[in-house]
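Chemist: To start, I am sharing the structure in question, which I have written as structure tokens.
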Amino acid sequence: MLICFAMKEEAAAFRRIAAGKPDVSILVTGIGRKNTEKAMRHFLAGGASVPPGLVLTCGFAGGLDPALRTGDVIFESRKQNTGYESKLLSAGAKPVKIFCADRIATTVAEKKKLRADTGADAVEMESAVVHQICDEHTLPCVTVRVISDTADEDLPLDFNQLAKADQSLDFVKLFLAIAKSPGKIPKLMDLQKKTNFAAKRLAEVLEKLTG
């Protein structure tokens, strides 16, 4: 099983669990389509003696459905009958429609518009290309995500404006943004607590899934 995460923070809680699972590989791809495509193609071109029997594209997602709360684990299987849908349901994950965007949805207004335009329940940035590549290689693939921020909350900063060209976080820009608006610090600390909680909830479901 190959489990893909965009960021090491998303993978951290599960990585400790996966250390005892020799049949589970973790791939941290980087944020967004380009980074994910490059990392996936490089991994699959590595000539593994046994290709993965299942690929999971995992990590954080923003809620678009107001009913979804922080820590809710959600999933979408673009092609049904991978054999894992029932296991995900048993593990407490919820089947939803997920939209793959080109940017982080940072405001309630942006999330509301995405919900209206796409009918999706949640949004993230990597899964579409993972599914595309898996289709090319005839590999079953399931998106498993966890809600890190809900439909009714703005993110404390526009992280799209704080990214480098490769979409990783520019810590100099982040420091300057915080220095300019120190009142955002409590909200950033609260976001960190929520993402830590979300990563642990995702790890719990993945632990059950990987048995």
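Chemist: Taking H as built 1.01 Å from N, whose amide H comes closer than 5 Å to the amide H of ILE98, not counting residues under 5 places away?
Modeler: ASP121
Chemist: Can you give me the long-range amide H partners of ILE3? Hydrogens built in the peptide plane at 1.01 Å from N, cutoff under 5 Å, separation of 5 or more residues or another chain.
Modeler: Close amide H contacts, sequence-distant or interchain: SER25, ILE26, LEU27, LEU56.
Chemist: If you don't mind, there's one more thing I want to ask. Below 8 Å between Cα atoms, with a sequence gap of 6+, how large is the relative contact order for the stretch 2-210 in percent?
Modeler: Here the relative contact order equals 30 percent.
Chemist: Specify the angular offset, from 0 to 90 degrees and rounded to the nearest 10, of the alpha carbon long axis of helix 108-118 from the longest principal axis of the alpha carbons in the chain.
Modeler: Compared with the principal axis, the helix lies near 40 degrees.
Chemist: Looking at the chain as a GNM with Cα springs under 10 Å, which of ALA13, ALA165, ALA128 has the largest mean-square fluctuation?
Modeler: Comparing ALA13, ALA165, ALA128 in the GNM, the peak value goes to ALA165.
Chemist: Follow-up. Please list, ordered by chain and number, the residues whose modelled amide H lies under 5 Å from the amide H of ASP149; skip anything fewer than 5 residues away on the same chain.
Modeler: Here the answer is ALA61, GLY63, since their amide H atoms fall under 5 Å of that of ASP149.
Chemist: For helix 8-18, what angle does its Cα long axis make with the longest principal axis of the chain, in degrees from 0 to 90 and rounded to 10?
Modeler: 40 degrees
Chemist: Here's something else I'd like to know. Compute and list, largest first, the equivalent-ellipsoid semi-axes of the stretch 130-211 from the alpha carbon gyration tensor, each √(5λ) rounded to a whole angstrom.
Modeler: 31, 19, 10
Chemist: Any idea how far apart ARG103 and ALA19 come out in nm if each label point goes 7 Å out from Cα toward Cβ?
Modeler: 4.0 nm
Chemist: Here's another thing I want to ask about it. Any chance you could give the angle, 0 to 90 degrees and rounded to 10, that helix 171-180 forms with the longest Cα principal axis of the chain?
Modeler: The angle comes out near 30 degrees.
Chemist: Pick from ASP121, ASP23, ASP152: which is most flexible by mean-square fluctuation in a GNM of the chain where alpha carbon atoms under 10 Å apart are linked?
Modeler: ASP23
Chemist: Also: Explain nothing, just compute: Karplus ³J(HN,Hα) = 6.51 cos²θ - 1.76 cosθ + 1.60, θ = phi - 60°, for every residue of the stretch 204-211 in order, whole Hz, x for Gly and Pro.
Modeler: 4, 5, 5, 4, 5, 5, 8, x
Chemist: For the stretch 2-210, give me the percentage of DSSP beta bridges that are antiparallel, rounded to the nearest 5 percent.
Modeler: The antiparallel proportion sits near 25 percent.
Chemist: Right, another one. Using θ = phi - 60° and the Karplus curve 6.51 cos²θ - 1.76 cosθ + 1.60, what whole-Hz ³J(HN,Hα) does each residue of the stretch 181-190 get, with Gly and Pro shown as x?
Modeler: After applying 6.51 cos²θ - 1.76 cosθ + 1.60, I find 9, x, x, 7, 4, x, 5, 5, 5, 5 Hz.
Chemist: So which trypsin sites (Lys or Arg not before Pro) in the stretch 1-97 are both in a DSSP loop and have at most 13 other Cβ atoms within 10 Å of their Cβ?
Modeler: Those satisfying the criteria are ARG69, LYS79, LYS97.
Chemist: Let me ask something additional. Among all cysteines in the chain, which have no other cysteine Cβ under 4.7 Å from their own Cβ?
Modeler: CYS4, CYS58, CYS100
Chemist: Taking 21 Å as the cut-off for C-alpha to C-alpha distance, list the pairs among LYS8/LYS87; LYS38/LYS164; LYS164/LYS200; LYS111/LYS194; LYS38/LYS111 that go past it.
Modeler: From the list (LYS8/LYS87; LYS38/LYS164; LYS164/LYS200; LYS111/LYS194; LYS38/LYS111), the Cα-Cα distance tops 21 Å for LYS8/LYS87; LYS164/LYS200; LYS38/LYS111.
Chemist: Helix-only estimate, please: 222 nm mean residue ellipticity of the chain, summing -39500 (n - 2.57) across DSSP H runs of length 4 or more and dividing by its residues, to the nearest 500.
Modeler: -13000 deg cm²/dmol
Chemist: Across 10 Å bins from 0, what is the distribution of all Cα-Cα pair distances for the stretch 48-157, in whole percents?
Modeler: Values per bin, smallest distances first: 15, 45, 29, 9, 1.
Chemist: A further question on this structure: Please go through the stretch 1-52 and write out the chymotrypsin sites (Phe, Trp or Tyr not before Pro) that DSSP classes as loop and that have at most 15 other C-beta atoms within 10 Å.
Modeler: Loop-located and lightly packed - none at all.
Chemist: Starting at the first residue of the stretch 84-101, write each ³J(HN,Hα) from the Karplus equation 6.51 cos²θ - 1.76 cosθ + 1.60 with θ = phi - 60°, in whole Hz, x for Gly and Pro.
Modeler: Once rounded to whole Hz, the list reads 10, 4, 5, 5, 5, 4, 5, 7, x, 7, 10, x, 9, 9, 10, 9, 9, 9.
Chemist: Give the Rg (one decimal place) followed by the Dmax (whole number) of the chain, computed from C-alpha coordinates and expressed in Å.
Modeler: Looking at the chain, its Cα Rg and Dmax stand at 16.8, 53 Å.
Coordinate-derived values only; no laboratory data. What you see is a predicted model; the values in this text were computed from it and never measured. Using ideal geometry, Cβ is built from the backbone for each residue, glycine included, and neighbour counts are taken over all protein chains shown.
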